[in-house]
Amino acid sequence: MAQTFDRHRRLRKSAAMRNLVRENHVRVEDLIYPLFVVEGTGIKNEIPSMPGVYQLSLDKLAEEMKEIVALGIQAVLMFGVPTHKDACGTEAYNDDAITQQAMRLIKEAHPEMLVIADTCLCEYTDHGHCGVIHEGEVVNDETLKLLGQTAVSQAKAGADIIAPSNMMDGFVIAIREALDEAGFEHIPIMSYAVKYASAFYGPFRDAAGSTPQFGDRKSYQMDAANAREGMREAASDVKEGADFLIVKPGLAFMDMVLRLRENFNLPIVAYNVSAEYSMVKAAALNGWIDEERIVMETLVGFKRAGADLIITYHAKDVAKWLAR
Ligand SMILES: [Zn+2]
């Protein structure tokens, strides 16, 4: 019989054959694990909407870091949850605040660990917005000064990478200039370049205590309907000197990972956000899905779309699965 069709199944015949032709891989080095630190001692609070993710006091953070290092994870993203919050987010740029203490502690115990600092104000302001407020508006340029101060304070505390997340215009250049002036020209910026105003952040706000006390974040985070706008945001950040570009959230916005991959040659980071984690965990706890397969399929999907790195709350589980 004359062959009239293609035989794609030849390359799927056995596990070895499939391994041979596999195009994308998730490595433990691709994973960034978010951490939430709180003031006090002996605190390890499980976040109700994020089973397996904890708010940790510094003593408990030390234990957690040992586990993370043993798993081969080499990068963490730090979020601090201070007790004292005020209108200007003072604890964000206080050199002795909880986040800075946590970073110092990690770098002292594990100098090789890459500490990425989330650089924003919403965890530190009493109104929960990502900047300074005047007459109900988040004021852009005044906020930039505070972001610069926060980044410098974080770099002084040992942050290896500054990750600004508040979507103010000009945040990358403001932080770059502040870092350079303070002698931190060697510290890269991982910009949340394409960040949407998303319902997928719900559980995170429990974890970081950063729910806005009025209104929402739609005047500074992007409309979920817009892709071309995301390209403009990314282009601005590249022009301003970003070293990495983050797409957040990841799962519903995988097209943006692909678009960025095709248009920019910087490392692209997908943020597999809190609700993406919570949905998987809830379904897994109910026995409705195969958690490991769902998670690995999601993460390899980010790689296929073109992400180099993935920020994920699943990182510890994934590291265990990869090590088997
Ligand atoms: Zn924020």
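The values are calculated or read from the model by the stated rules, or taken from the named source; none is laboratory data. All values reported here derive from a predicted model rather than from experimental measurement. Neighbour counts are summed over all protein chains in view; Cβ atoms, including those assigned to glycine, are modelled from backbone coordinates with ideal geometry. Areas reflect the complete protein model, heavy atoms only, side chains present, ligands, DNA and RNA absent. Shrake-Rupley method; radii C 1.70, N 1.55, O 1.52, S 1.80 Å.
Any chance you could count how many residues in segment 179-206 are among the polar types (S, T, N, Q) and buried (at least 23 other Cβ atoms within 10 Å of the Cβ)?
Here the count works out to 1.
Can you spot a residue in segment 104-112 that is open to solvent by less than 20 Å² (accessible area, probe 1.4 Å) and in contact with a Ser or Thr (Cβ under 6 Å, 6 or more places away or on another chain)? There is no residue in segment 104-112 that is open to solvent by less than 20 Å² (accessible area, probe 1.4 Å) and in contact with a Ser or Thr (Cβ under 6 Å, 6 or more places away or on another chain). Looking at residue 251, is it touching a Phe, Trp or Tyr at 6+ places or on another chain (Cβ under 8 Å) and within 26 Å of residue 211 (Cα to Cα)? Here the answer is yes, as residue 251 does meet what is asked.
Taking the conditions exactly as written (more than 20 Å from residue 275 (Cβ to Cβ) and within 16 Å of the ligand (Cβ to nearest atom)), does residue 193 satisfy them or not?
Values: more than 20 Å from residue 275 (Cβ to Cβ): yes; within 16 Å of the ligand (Cβ to nearest atom): yes.
Yes; evaluated as a whole, the condition is true for this residue.
When restricted to residues that are within 15 Å of the ligand (Cβ to nearest atom) and free of Cβ contacts under 8 Å to residues at least 60 places away in the same chain, segment 206-242 contains 4.
Hey, any hits in segment 79-95 for a residue that's outside any loop (DSSP other than H, G, I, E, B), closer than 24 Å to residue 240 by Cβ, touching a residue at least 24 places away in the same chain (Cβ under 8 Å) and more than 11 Å from the ligand (Cβ to nearest atom)?
The initial filter retains those residues of segment 79-95 that are outside any loop (DSSP other than H, G, I, E, B), namely 79-81, 86, 90-92.
Keeping just the survivors that are closer than 24 Å to residue 240 by Cβ gives 79, 92.
Imposing the further condition that a residue be touching a residue at least 24 places away in the same chain (Cβ under 8 Å) reduces the set to 79, 92.
This time we only want the ones that are more than 11 Å from the ligand (Cβ to nearest atom), so: none.
For segment 79-95, residues outside any loop (DSSP other than H, G, I, E, B), closer than 24 Å to residue 240 by Cβ, touching a residue at least 24 places away in the same chain (Cβ under 8 Å) and more than 11 Å from the ligand (Cβ to nearest atom): absent.
Can you say whether residue 91 is surrounded by fewer than 17 Cβ atoms within 10 Å (Cβ to Cβ) and more than 17 Å from the chain's Cα centre (by Cα), as far as the supplied structure shows? It is false that residue 91 is surrounded by fewer than 17 Cβ atoms within 10 Å (Cβ to Cβ) and more than 17 Å from the chain's Cα centre (by Cα). Examine segment 91-100 for a residue that is touching a Gly at 6+ places or on another chain (Cβ under 6 Å), closer than 20 Å to residue 166 by Cα, modelled with pLDDT under 95 and not hydroxyl-bearing (Ser, Thr, Tyr), and state whether such a residue exists. Looking through segment 91-100, none of the residues is touching a Gly at 6+ places or on another chain (Cβ under 6 Å), closer than 20 Å to residue 166 by Cα, modelled with pLDDT under 95 and not hydroxyl-bearing (Ser, Thr, Tyr). Name the single residue that is surrounded by the most Cβ atoms within 10 Å (Cβ to Cβ) among those in segment 132-178 being away from the ligand (no atom under 16 Å from the Cβ), free of Cβ contacts under 8 Å to residues at least 40 places away in the same chain and aliphatic (A, V, I, L, M). Restricting to residues being away from the ligand (no atom under 16 Å from the Cβ), free of Cβ contacts under 8 Å to residues at least 40 places away in the same chain and aliphatic (A, V, I, L, M), the top hit is 155.
What number of residues in segment 105-131 are in a helix (DSSP H, G or I) and either in contact with a helix residue (DSSP H, G or I) (Cβ under 9 Å, 6 or more places away or on another chain) or within 16 Å of the ligand (Cβ to nearest atom) (or both)?
Kept after step one, since they are in a helix (DSSP H, G or I), are these residues of segment 105-131: 105-109.
From what is left, the residues that are either in contact with a helix residue (DSSP H, G or I) (Cβ under 9 Å, 6 or more places away or on another chain) or within 16 Å of the ligand (Cβ to nearest atom) (or both) are 105-106, 109.
Total meeting the criteria: 3.
Selection over segment 157-184 of residues that are hydrophobic (A, V, I, L, M, F, W, C) and not in a loop (DSSP other than H, G, I, E, B) gives a count of 10.
Return yes when residue 71 is closer than 30 Å to residue 285 by Cα, touching a residue at least 60 places away in the same chain (Cβ under 8 Å) and either buried (at least 23 other Cβ atoms within 10 Å of the Cβ) or within 16 Å of the ligand (Cβ to nearest atom) (or both) and no when it is not. Judged against the criteria, residue 71 is not a match.
Hey, can you tell me all the residues within segment 1-60 that are of a type in the set (A, V, I, L, M), open to solvent by less than 50 Å² (accessible area, probe 1.4 Å) and assigned to a helix (DSSP H, G or I)?
First pass over segment 1-60, keeping only residues of a type in the set (A, V, I, L, M): 1-2, 11, 15-17, 20-21, 26, 28, 31-32, 35, 37-38, 43, 47, 50, 53, 56, 58.
Filter once more, so that each one left must be open to solvent by less than 50 Å² (accessible area, probe 1.4 Å): 26, 28, 31-32, 35, 37-38, 43, 47, 50, 53, 56, 58.
If the condition is that a residue be of a type in the set (A, V, I, L, M), open to solvent by less than 50 Å² (accessible area, probe 1.4 Å) and assigned to a helix (DSSP H, G or I), then 28, 58 are the ones that fit.
A search for C-beta distances below 6 Å between a residue of segment 20-45 that is at positive phi and any residue that is part of a loop (DSSP other than H, G, I, E, B) and of a type in the set (Gly, Ala, Ser), counting only pairs 6+ apart in sequence or on different chains, returns 40/57.
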